[in-house]
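Working notes for the structure below.
The values are calculated or read from the model by the stated rules, or taken from the named source; none is laboratory data. Not measured: the values here are computed from a predicted model. Cβ placement follows ideal geometry from the backbone for every residue including glycine, while neighbour counts extend to all protein chains displayed.
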Amino acid sequence: MTRAVVTTALALLLASLTPSPSRAAEDAPRWVEDRIQAFLLERVPEGPVRVAIPPLGDFALEGVDPETAAVEIATDAEEPLRGRVSLTVSVVRGDEVLARRTVPVEIEEATVALVAVRALARGAVLREGDVALRPVAGASDRRAAVSDAGEVAGRRLRRSVPAGTPLRAAWLEDVPLVRRGEPVRLSLVSGALRIEATGLARQDGRAGEIVRVESQTSRREVIGRVGTDGVVHVAF
């Protein structure tokens, strides 16, 4: 994963910390936040990460010109930075320290996985546009998440999935190729003999599953295995 993904993830998180007009006098100026962001981007692990930075309410720097002040950042943590890291952030002008605070940040490595782009209902068959690749943090989400679009296309959800939630393989099931009460094709095989017929499915069935089917010719119930083409193969 490229550094661009990391930049995007950090930018989104930092954007949520942008001061509102009512808090502008209390929070750190944006140029201080930008400097912290740049510092972290140079020192986090390669690949997608999720970074949590608390509100910087103690930096009251109203009226300070960023052209005449510098932001100095230091940490005792080893690089690349991971986990909980304390930053010492100082705003200086010449030899004068205008503000100095300790800022705790949380850095968590992520993976890229398929995430629901909208709320998806239980029973929905997934289509292109329902999911998108996004950075995902959290150990449990990383282990269980699905990243291959081929694994989800055309499959059905066993449960509802809120928007923004990483998909898990256990939440997906194949759509039945044979549906109860619907007509199906039968292929009856005995040695070199093959007979094609039609029947009425008595139960749903996915590829590889055994299902009961009523033969339309004999009106007898037979048991066969569902093929990947939806044909029920019966040995007799």
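Some values worked out for this structure:
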| item | result |
| --- | --- |
| Where A235 falls short, out of the listed (1) surrounded by fewer than 16 Cβ atoms within 10 Å (Cβ to Cβ); (2) more than 24 Å from R127 (Cα to Cα); (3) free of Cβ contacts under 8 Å to residues at least 40 places away in the same chain | (3) |
| Qualifying strands (runs of 3 or more DSSP E) (wholly inside the range 23-120; at least 2 residues being farther than 24 Å from G164 by Cα) | 70-74, 83-93, 96-109 |
| Residue in the range 153-171 that is modelled with the highest pLDDT, counting only those that are among the aliphatic types (A, V, I, L, M) and surrounded by fewer than 19 Cβ atoms within 10 Å (Cβ to Cβ) | A163 |
| Any hit, the range 205-216, residues being exposed (fewer than 15 other Cβ atoms within 10 Å of the Cβ), touching a Pro at 6+ places or on another chain (Cβ under 7 Å), part of a strand (DSSP E or B) and among the β-branched types (V, I, T) | no |
| Positions within the range 44-98 being under 20 Å from W31 (Cβ atoms), hydrophobic (A, V, I, L, M, F, W, C) and either surrounded by fewer than 16 Cβ atoms within 10 Å (Cβ to Cβ) or without any contact (Cβ under 8 Å) to a residue 40 or more places away in the chain (or both), in sequence order | A60, L61, V64, A69, A70, I73, A74, V92, V97, L98 |
